[in-house]
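Visitor: Pasting a structure here, questions to come.
The values are calculated or read from the model by the stated rules, or taken from the named source; none is laboratory data. Predicted model only: the values in this text are computed from it and were never measured. No Cβ is skipped: glycine too gets one built from the backbone with ideal geometry, and neighbour counts run over all protein chains shown.
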Amino acid sequence: MPRILAELFPWLVALHVLDGLAWVRGEQWLLVSSWGRRMRLREAGLRLAGLGPAAEAVSTGRTPIALTDAGVYRPPRGSRLDAAEAELVPWAALGRLEVEQATVRAGGRRLAVAPTPAVAHATARLVRELCPLAPAARRAHLARAAEDAADVQAVGAVRERHLALARPLRVLAAALFGLLFVALPLALFAPAPWRPRLDLVLAAVAVTYAATVAASVLTLRRCGRTAGAIAGTLAPLVLFPPAAIHALTLVGRDLYAPFHPLAVAAALLDRPAFAALARREYHRMAGARARATGTPLADWWTSEETIWRAVVAAVGLAPDDVLAPPPRADAAAATYCPACAAEYRDGFALCGDCGVPLEAFETG
């Protein structure tokens, strides 16, 4: 038994490292806190969400579709909704809505891929509610849904409840981390005087794991989750027990699905980080609205800008301050990117990272 565990231990470490990684899609944001500190933003790509028991990751994003009076706009395959080739699917042509993991299908066709399965289910539920409504009722329903999704105070309340209920999970996760990556290797590899009894270590691991599962179920029930939702949320913990080290992330991963990602970011990020994100998002929306001029999709982007202004105001920021020109750091810089504030010398027209037209610094 000890020999088998010694051979498997490196695989346990490797799997734990893999469990700390996350693939972030282009329409998804990952908010991470490595040591229980402030959240930081991680965007598209392979990102480290955290390895330690204090690490937490909140994935947020919206299904890349636009719900308009005319129907549902979906992005081209492999692209984002702000692409000029977005396709309109009329309400009457949607057909039966189904969700497979994070994919929303309408009439057997893929409508879009959501950032998470929970977001996919929330999107499908909203579309089902809208389909049978008359245009005026549909507009009113959309307005109410947008207002609820952009409620920063509601996100903050969920966050406070999540952290308050999940305090025991931090203790249990820390205990499990210590048992698996301190006590277990000592029991397997340490010299005899320093070697704890392996059977006692394994018994402690089993008890701590069971307590973590029980605490996770209790936390999710107190957060109002149904039995089916709890089973889906905790499936990784059952399939890979060491994932219990990240129980705080598992418990909270679906709690923020009903909200607009900008509202989630506003509640979880500090003000400077959120202001930088809001600045980029504004210019992305403005460019998408310009490309959609003359279509119902342009109106949808206008409604997204309205949400943007409401969220920015909810955290005490003035839109003009968020969008103000940045202070010039390089005296030789002639232009700057209004989205990311990168500075450029003469000879450049577009930001290499954002693709946004550059603006000139004021002279004098």
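Visitor: Any idea which of (1) in contact with a His (Cβ under 7 Å, 6 or more places away or on another chain); (2) closer than 18 Å to Ala318 by Cα is the one Gly252 doesn't satisfy?
Guide: Only one criterion in (1) in contact with a His (Cβ under 7 Å, 6 or more places away or on another chain); (2) closer than 18 Å to Ala318 by Cα is unmet by Gly252, namely (2).
Visitor: Among (1) more than 18 Å from the chain's Cα centre (by Cα); (2) of a type outside the set (S, T, N, Q); (3) buried (at least 18 other Cβ atoms within 10 Å of the Cβ), there is one condition Gly50 misses while meeting the rest; what is its number?
Guide: Tallying (1) more than 18 Å from the chain's Cα centre (by Cα); (2) of a type outside the set (S, T, N, Q); (3) buried (at least 18 other Cβ atoms within 10 Å of the Cβ), Gly50 fails exactly one: (1).
Visitor: Would you confirm whether or not the range 248-262 contains a residue that is buried (at least 19 other Cβ atoms within 10 Å of the Cβ), within 23 Å of Leu184 (Cα to Cα) and not assigned by TED's automatic domain parsing to the domain that holds Ala275?
Guide: yes
Visitor: Also, I was wondering about something else. For the structure I just gave you, tell me whether Arg25 is surrounded by fewer than 21 Cβ atoms within 10 Å (Cβ to Cβ), closer than 25 Å to Phe274 by Cβ, in contact (Cβ under 8 Å) with a residue 60 or more places away in the chain and out of contact with any Cys (no Cβ under 7 Å at 6 or more places or on another chain).
Guide: Numbers: surrounded by fewer than 21 Cβ atoms within 10 Å (Cβ to Cβ): yes; closer than 25 Å to Phe274 by Cβ: yes; in contact (Cβ under 8 Å) with a residue 60 or more places away in the chain: yes; out of contact with any Cys (no Cβ under 7 Å at 6 or more places or on another chain): yes.
For Arg25, the condition - surrounded by fewer than 21 Cβ atoms within 10 Å (Cβ to Cβ), closer than 25 Å to Phe274 by Cβ, in contact (Cβ under 8 Å) with a residue 60 or more places away in the chain and out of contact with any Cys (no Cβ under 7 Å at 6 or more places or on another chain) - is met.
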